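> Following this message is one structure expressed as structure tokens.
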Amino acid sequence: AVAGNILSMTERFEHNGCVYDGFIAGKERLMEQGGNDVDCIIADACLKGVRGVDWEKAWAIVKHNAENRRIGYGNGDPDGSGPHTRYRELGYIPTCNMSSSQTLEFAYNDYCAGLMARHLGYEEDAEKYLARSHGWEALWNPELSDGTYSGFVDALDEDGVFSFIDPTRYGGSWISPFYEGSSWTYSYFVPHDFDRLITLMGGPETFTQRLEYGFENKLVKYDNEPGFLASRAFVHSGRPDLSSFWVHHAMDNGFDLEGYPGNEDTGAMASWYIFCNLGLCPNAGQDFYYLNAPFVSEALVRLSGGGKLRITANASRENVYIKSLKVNGKPWNSAILPHSEIASGGKLEFELDSSPSDFGKN
């Protein structure tokens, strides 16, 4: 299925000269809510060794986007100019509609492009895009405060002046520098740069405290895609137990037989739910998974190459923490699992507990 999707992208690129995130009724949807996120999908599959794809053709899409696109939504400038076109020049999009959220997404798109370039041996491209992927930090305003914490992603104009947007303000759709989320939520969207973010927020302990505060006060929300990865950020500050706790909290309080906590968006909510049930969730565009205590006692995942991944756990509503784990029969003490460990199948044996443990805190 993944290979088929990427093959369709390469054909679209050959026929249309572009591949946008949305493709409806045979037409590319030019109004993009986020970044050039086909890059993440393609890079993810390339790094994970998906077979049946001409990776040079797929790379042509990613390189085209990195060199010619990275263009934000903008304000409808008829001549195609304006602040939304300046990401490649400045490393960020100056203040306009969706400028901050799309800058963050473009930065991650560049990181995925860099990883794919390195994987394919294009080192010059890799260095260029990986360096550009850190440009999001230009939007970090250390003086922006919500009254409790200081330091958030802000909007920045072309003269280097911050907007000082209320970090708790919900951005709405198509009308704000932050698309369908607040700065509180978006300030955790750096899937490739958590170490730097932790430093900017004052170190692991402060990072953990403020992220917990964000969840407890519903400032960091998981009812929309911008917040899907936030609960996993605890892993990077050495507290995978809190990651597992807040994943379970989201599952218990946002999903039931009546539906999801937010818009399903053609499979986003359901995919997140299924991965969390299994106990492993991808950081899309990179070749690893975050681990959490599974919700199911046993699961069998049939892989495209014919292999099978079996997952077992003493799952219950109380057992929200991982006590220990065996990967293919060997002890594993990390809340991050490389794709290579399960690419051909295997077995994950979770031992869970109702109390936090030291699992994965290294």
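The values are calculated or read from the model by the stated rules, or taken from the named source; none is laboratory data. Here the structure is a predicted model, which means the values were calculated and not measured. Neighbour counts run over all protein chains shown; Cβ positions are idealised from the backbone, glycine included. Remember, those area values only see protein heavy atoms, side chains included, never the ligands or the DNA or RNA. Shrake-Rupley method; radii C 1.70, N 1.55, O 1.52, S 1.80 Å.
> Would you tally the residues in the range 239-284 being in a loop (DSSP other than H, G, I, E, B) and open to solvent by less than 20 Å² (accessible area, probe 1.4 Å)?
Within the range 239-284, the subset in a loop (DSSP other than H, G, I, E, B) is 239, 255, 257-258, 260-264, 279, 283-284.
Of the ones still in play, those that are also open to solvent by less than 20 Å² (accessible area, probe 1.4 Å) are 279, 283.
The number of residues fulfilling the criteria is 2.
Yes/no per residue for (1) hydrophobic (A, V, I, L, M, F, W, C); (2) without any contact (Cβ under 8 Å) to a residue 24 or more places away in the chain; (3) surrounded by fewer than 24 Cβ atoms within 10 Å (Cβ to Cβ):
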position: Gln102; (1), (2), (3): no, no, no
position: Tyr108; (1), (2), (3): no, no, no
position: Cys112; (1), (2), (3): yes, no, no
position: Ala138; (1), (2), (3): yes, no, yes
position: Thr168; (1), (2), (3): no, no, yes
position: Gly172; (1), (2), (3): no, yes, yes
position: Pro177; (1), (2), (3): no, no, no
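> Which one of these does Arg70 not meet: (1) among the charged types (D, E, K, R); (2) in a helix (DSSP H, G or I); (3) on the phi > 0 side of the Ramachandran plot?
(2)
> Of all residues in the range 119-136, how many are outside any helix (DSSP H, G or I), buried (at least 16 other Cβ atoms within 10 Å of the Cβ) and of a type outside the set (S, T, N, Q)?
Summing the residues that are outside any helix (DSSP H, G or I), buried (at least 16 other Cβ atoms within 10 Å of the Cβ) and of a type outside the set (S, T, N, Q) in the range 119-136 gives 2.
> Turning to a different aspect of this structure: Just one of Ala335, Ala315, Ala299 is open to solvent by less than 30 Å² (accessible area, probe 1.4 Å) and farther than 27 Å from Gly238 by Cα; which is it? Steps first, please.
On the way: Ala335 fails: farther than 27 Å from Gly238 by Cα; Ala315 fails: farther than 27 Å from Gly238 by Cα.
So the residue among Ala335, Ala315, Ala299 that is open to solvent by less than 30 Å² (accessible area, probe 1.4 Å) and farther than 27 Å from Gly238 by Cα is Ala299.
> Residues Lys48, Lys63: which one is touching a residue at least 40 places away in the same chain (Cβ under 8 Å), among the basic types (Lys, Arg) and under 18 Å from Lys128 (Cα atoms)?
Result: Lys63 is the single residue among Lys48, Lys63 that is touching a residue at least 40 places away in the same chain (Cβ under 8 Å), among the basic types (Lys, Arg) and under 18 Å from Lys128 (Cα atoms).
> Looking at the range 40-52, can you tell me whether even one residue there is out of contact with any Lys or Arg (no Cβ under 9 Å at 6 or more places or on another chain), open to solvent by less than 30 Å² (accessible area, probe 1.4 Å) and assigned to a loop (DSSP other than H, G, I, E, B)?
no
> Turning to a different aspect of this structure: Within the set of pairs 6 or more residues apart or between chains, which connect a residue that is within 23 Å of Phe162 (Cα to Cα) and free of Cβ contacts under 8 Å to residues at least 40 places away in the same chain inside the range 183-207 to a residue that is open to solvent by 30 Å² or more (accessible area, probe 1.4 Å) and assigned to a helix (DSSP H, G or I) with Cβ atoms less than 8 Å apart?
Ile198/Pro204; Ile198/His236
> Restricting to the range 185-220, count the residues that are of a type outside the set (S, T, N, Q), more than 24 Å from Tyr260 (Cα to Cα), open to solvent by 50 Å² or more (accessible area, probe 1.4 Å) and more than 18 Å from the chain's Cα centre (by Cα).
3
> If you go through the range 19-38, how many residues are surrounded by fewer than 16 Cβ atoms within 10 Å (Cβ to Cβ) and touching a Leu at 6+ places or on another chain (Cβ under 9 Å)?
Number of matching residues: 1.
> Which of (1) out of contact with any strand residue (DSSP E or B) (no Cβ under 7 Å at 6 or more places or on another chain); (2) open to solvent by 80 Å² or more (accessible area, probe 1.4 Å) is the odd one out, the single condition Ala343 does not satisfy?
The single condition Ala343 does not satisfy is (2).
> When residues of the range 86-99 are filtered for being touching a helix residue (DSSP H, G or I) at 6+ places or on another chain (Cβ under 6 Å) and either farther than 9 Å from Trp136 by Cα or in a helix (DSSP H, G or I) (or both), how many remain? So that I can check it myself, show each step before the final result.
Step one: list which residues in the range 86-99 are touching a helix residue (DSSP H, G or I) at 6+ places or on another chain (Cβ under 6 Å), which gives 87, 91-94, 96.
Right, trim to either farther than 9 Å from Trp136 by Cα or in a helix (DSSP H, G or I) (or both) and you get 87, 93-94, 96.
Within the range 86-99, residues that are touching a helix residue (DSSP H, G or I) at 6+ places or on another chain (Cβ under 6 Å) and either farther than 9 Å from Trp136 by Cα or in a helix (DSSP H, G or I) (or both) number 4.
> Would you confirm, using the coordinates I've provided, whether Val327 is open to solvent by 20 Å² or more (accessible area, probe 1.4 Å) and either β-branched (Val, Ile, Thr) or within 21 Å of Trp272 (Cβ to Cβ) (or both)?
Against the criterion (open to solvent by 20 Å² or more (accessible area, probe 1.4 Å) and either β-branched (Val, Ile, Thr) or within 21 Å of Trp272 (Cβ to Cβ) (or both)), Val327 does not qualify.
> Taking Leu90 as meeting all but one of (1) among the hydrophobic types (A, V, I, L, M, F, W, C); (2) crowded, with 24+ Cβ neighbours inside 10 Å; (3) more than 16 Å from Asp39 (Cα to Cα), write down the number of the exception.
(2)
> On the given criteria, is Asp223 at pLDDT below 95 and either among the acidic types (Asp, Glu) or open to solvent by less than 10 Å² (accessible area, probe 1.4 Å) (or both)?
Criteria met by Asp223.
> Right, another one. Identify, from the list Glu298, Glu258, Glu264, the residue that is touching a Lys or Arg at 6+ places or on another chain (Cβ under 8 Å) and of a type in the set (D, E, K, R).
Numbers: Glu258 fails: touching a Lys or Arg at 6+ places or on another chain (Cβ under 8 Å); Glu264 fails: touching a Lys or Arg at 6+ places or on another chain (Cβ under 8 Å).
Only one candidate qualifies: Glu298.
> Output the number of residues of the range 150-166 satisfying the condition of being farther than 12 Å from Ser101 by Cα, crowded, with 19+ Cβ neighbours inside 10 Å and not aliphatic (A, V, I, L, M).
2
> Still on this structure, I have one more. Cβ contacts < 9 Å: first residue on the phi > 0 side of the Ramachandran plot, restricted to the range 349-362; second residue among the aromatic types (Phe, Trp, Tyr) and in a loop (DSSP other than H, G, I, E, B), any location; separation 6+ or different chain. Result?
Sorted first by the residue in the range 349-362, then by its partner, the pairs are Gly360/Trp332.
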